[in-house]
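Q: Got a structure for you, written out below as structure tokens; questions coming shortly.
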Amino acid sequence: MLRPISPDAQTIFALSSGRPPAAISVIRISGPQARDAGTAIAGSLPDARCASVRTLRNPTSGERLDDALVLRFDSPASATGEDTVEFQCHGGRAVVDSVLRALGLVEGLREALPGEFTRRAFENGRIDLTEAEGLADLIEAETESQRKAALALAEGGLAKQIREWQEQLLGLSAEAERSIDYDEDDAAMDPALLSGIARLAAELHSWLERPRVETLKDGVRVVVAGPPNAGKSSLLNAIAGQERAIVTDIPGTTRDHIEVPVALAGIPVVLTDTAGLRAAEDAVEALGIARSEELIERADVLLWLGDPGAAPDHQRLLRVHSKADLGEDVPDGSIAVSSVTGTGLTELLGRIAGLARALVPEEGRIALNRRQSKHLAEAADALTGGETEIVLIAERLRQARAAFDRLTGRAGIEDVLDALFGRFCLGK
């Protein structure tokens, strides 16, 4: 839903493409004075949603700055919902700096804050909060799975689903209000109302059972644990493909945990090397061992190097027989691996990826983040109150509608906006 633009809105500008040097740089102007500012620099503007080449000049001195492709987008049919002008100029540092300086000379313009263009798009109803969150995730995406999940949000996949839920909820609320106004007693309540509420609540709960997007962003935590000198650090280095942990024959070399982010089959994973588990010989080692025990409890996947019978109880445990190059017998149920020769690494990595894949969202399916899950759970809980009195049911439906408003950013989200849009770069 488009919102009216405040008459006090300021006109902003910034470089919206990557930092120069580049072949082309895009400089964006947005706000009520965007067209005046564009005219001051380009002399004249093309028709809306058309592109034309113009000579950009300093508005004070008239000095020629560059020949650029100029585009104009009129409110509300623009990225921000405001009047917008874009200069696509040559991407040299001197060219970009000169155009930005020239815009700074135009009265009423100021440089945009990080994320301000996207925030204006949100505030003007061009995108909802879930799409803004998806765009922030897309900018920060480092793996293919992160990119796909973020793109699904940024392109409005969740927003479309929420609109469908809201339409269902509105219909149920209308039926509840009709019952209050016209039905003489609760016994005459249409059973379809209760079954409709139950179906919607079940659908919301099924979405809440999906893996959350944080596992894609933060990585699946794979902890390597076992007694001293079991080959934990060597295994981590072999998987990471570089020397990240110090390896010696001295027990207790690893005192604190070491984290190494890697991608396995496109899945972000955080490998964690831990201190060897034994009776500590000094206070520092004792702290490291205590930290190891905490990390084992929090591990998404646990690689145990040591006596298979001494392995901790863990839902996703892989027993690893390290130093397979020494020719020792391999215990049943263990994966034989050699960090020296590489034997067994492919099998181990495949097993890790298989367990990790079950913890991340399925490719092509929309994944919720922590904030979205919280508000969706509020809506689901409101729909599963169990009331049978129509007035109480109507109130529960109202609570569910309010939860959806918080989910999309229409209400009660001021505390999250600064944190969200602060994740964006300047010019976005």
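The values are calculated or read from the model by the stated rules, or taken from the named source; none is laboratory data. Quick caveat, the model's predicted, so the values are computed rather than measured. We place every Cβ from the backbone using ideal geometry, glycine too, and count neighbours over all the protein chains shown. The area values use the complete protein model at the heavy-atom level, side chains included, leaving out ligands, DNA and RNA. Shrake-Rupley method; radii C 1.70, N 1.55, O 1.52, S 1.80 Å.
Q: Output the number of residues of segment 37-56 satisfying the condition of being in contact (Cβ under 8 Å) with a residue 60 or more places away in the chain and more than 17 Å from residue 90 (Cα to Cα).
A: 2
Q: Okay, moving on. Looking for whichever is open to solvent by less than 80 Å² (accessible area, probe 1.4 Å) and under 16 Å from residue 201 (Cα atoms) here; the options are 356, 367, 379. Which one fits?
A: Unique residue meeting the criteria: 379.
Q: Picking from 67, 97, which residue would you name as being of a type in the set (Asp, Glu), without any contact (Cβ under 8 Å) to a residue 24 or more places away in the chain, more than 18 Å from residue 43 (Cα to Cα) and open to solvent by 40 Å² or more (accessible area, probe 1.4 Å)?
A: 97
Q: Here's a follow-up. Among the candidates 170, 105, 153, which residue alone is crowded, with 18+ Cβ neighbours inside 10 Å and either within 28 Å of residue 390 (Cβ to Cβ) or touching a Ser or Thr at 6+ places or on another chain (Cβ under 7 Å) (or both)?
A: Numbers: 170 fails: crowded, with 18+ Cβ neighbours inside 10 Å; 105 fails: crowded, with 18+ Cβ neighbours inside 10 Å.
153 is the lone residue from the list that is crowded, with 18+ Cβ neighbours inside 10 Å and either within 28 Å of residue 390 (Cβ to Cβ) or touching a Ser or Thr at 6+ places or on another chain (Cβ under 7 Å) (or both).
Q: Sticking with this structure for a sec: Looking only at helices (runs of 4 or more DSSP H) that fall completely inside segment 31-143, which ones have 3 or more residues that are among the β-branched types (Val, Ile, Thr) and out of contact with any helix residue (DSSP H, G or I) (no Cβ under 8 Å at 6 or more places or on another chain)?
A: Working: elements: 34-42, 93-104, 116-123, 129-140.
Filter on segment 31-143 gives an empty set.
Q: Taking segment 209-230, which residues are open to solvent by less than 10 Å² (accessible area, probe 1.4 Å) and in a helix (DSSP H, G or I)?
A: If the condition is that a residue be open to solvent by less than 10 Å² (accessible area, probe 1.4 Å) and in a helix (DSSP H, G or I), then 216 is the only one that fits.
Q: Listed residues 312, 251, 308, 268; which is farther than 22 Å from residue 220 by Cβ and either buried (at least 20 other Cβ atoms within 10 Å of the Cβ) or modelled with pLDDT of 85 or more (or both)?
A: 308
Q: Does residue 301 qualify as being within 30 Å of residue 159 (Cα to Cα) and crowded, with 20+ Cβ neighbours inside 10 Å? It would help to see each step written out before you state the result.
A: Values: within 30 Å of residue 159 (Cα to Cα): no; crowded, with 20+ Cβ neighbours inside 10 Å: yes.
So residue 301 does not fit the description; no.
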